[in-house]
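First comes the structure, then the notes that go with it.
The values are calculated or read from the model by the stated rules, or taken from the named source; none is laboratory data. Note that the structure is a prediction, hence the values are computed from the model and not measured. In this analysis, Cβ positions are derived from the backbone assuming ideal geometry, glycine residues included, and neighbour counts consider all displayed protein chains. The protein model used for the area step is the full one, side chains on, heavy atoms only, and it has no ligands, DNA or RNA in it. Shrake-Rupley method; radii C 1.70, N 1.55, O 1.52, S 1.80 Å.
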Amino acid sequence: MSVANVFELNKCLDDCIRYCEEHPERQHSAMFGSRLKKVRANFEEALKSTDRQFTQWRMESRDDKLAWKHLAKELRLTQDKLAQVGAVGYDPERVMYWSTKLLIDAVNEMIAYLNERADQIDFASGQAEKLERMMDKATGEAKEESSAFSNYQRFATLRSDAFSDVADSLSSFRQVLRRELGKENADYQSIRWPLTLSPDETVL
């Protein structure tokens, strides 16, 4: 099922509000004029709010991925350092940054390994602390990304509701004008109606 886009809805709202302002003496103008203005204001605010939340979520998502990438890279560097000094007993398997659960387990194991050998390996203690800090940063970014996504979903619901309010209001107004003026009326035809909103032709 096709759906009217933002441009079509805004253009139709502008046309309908203009019509009501040009014909204030008509009953349907008095009935729908203020309602259409309120719907348009809510629609514009919903679009702006959703766009802001989407941008915030994408930024948090980028920071989240970077934090996990850096952590995975640091784990690989730690494995390489251990290999260079001939250390044994650690897991040398490479873990990709997108496998966060596996990466968390691998880093925790590496931290435990390094702490147990702090007296034997010069860089062990410092490297364990670095991995802990990077792990805290990555998990913190993950929480922020999750929170930003939840906010975006909440605003996306408001956006969807605003779309429905616009579509319902315009469809109702179109039906009233069509009934009272007729499809061939110049005022009716001056409005650019989206085809999906109470179309003039019956679709079989």
Worksheet item: In the list F149, F155, F163, which residue meets the criterion of being assigned to a helix (DSSP H, G or I) and under 22 Å from K11 (Cβ atoms)?
Response: F163
Worksheet entry | Cross-chain or 6+ apart pairs with Cβ under 9 Å, region 6-28 first and in contact (Cβ under 8 Å) with a residue 24 or more places away in the chain and over 17 Å from R178 (Cα atoms), then part of a helix (DSSP H, G or I) and of a type in the set (V, I, T) | L9/V166; N10/V166
Worksheet item: Among all residue pairs at least 6 apart or on different chains, which show Cβ distances below 7 Å where the first residue, located in region 158-177, is open to solvent by less than 60 Å² (accessible area, probe 1.4 Å) and the second is outside any helix (DSSP H, G or I)?
Response: A167/A4; A167/L197; L170/L197; S171/L197; S171/S198; R174/W193; R174/L197; R174/S198
Response to the item:
Residue pairs qualifying under the 8 Å Cβ cut-off, at least six apart or on distinct chains, with the first in region 83-104 being within 26 Å of S61 (Cα to Cα) and the second being among the β-branched types (V, I, T) and surrounded by 17 or more Cβ atoms within 10 Å (Cβ to Cβ), are L102/V95; L103/V95
Worksheet item: When the residues of region 129-143 are filtered to those that are touching a residue at least 12 places away in the same chain (Cβ under 8 Å) and under 16 Å from E109 (Cα atoms), which remaining residue is farthest from the chain's Cα centre (by Cα)?
Response: K130
Fill in: Pair list, Cβ < 7 Å and 6+ apart or interchain, from region 32-61 residues that are touching a residue at least 40 places away in the same chain (Cβ under 8 Å) and closer than 14 Å to D14 by Cβ to residues that are of a type in the set (A, V, I, L, M) and open to solvent by less than 40 Å² (accessible area, probe 1.4 Å)
L36/L13; L36/I17; V39/V166; R40/L13; R40/I17; F43/A162; F43/V166
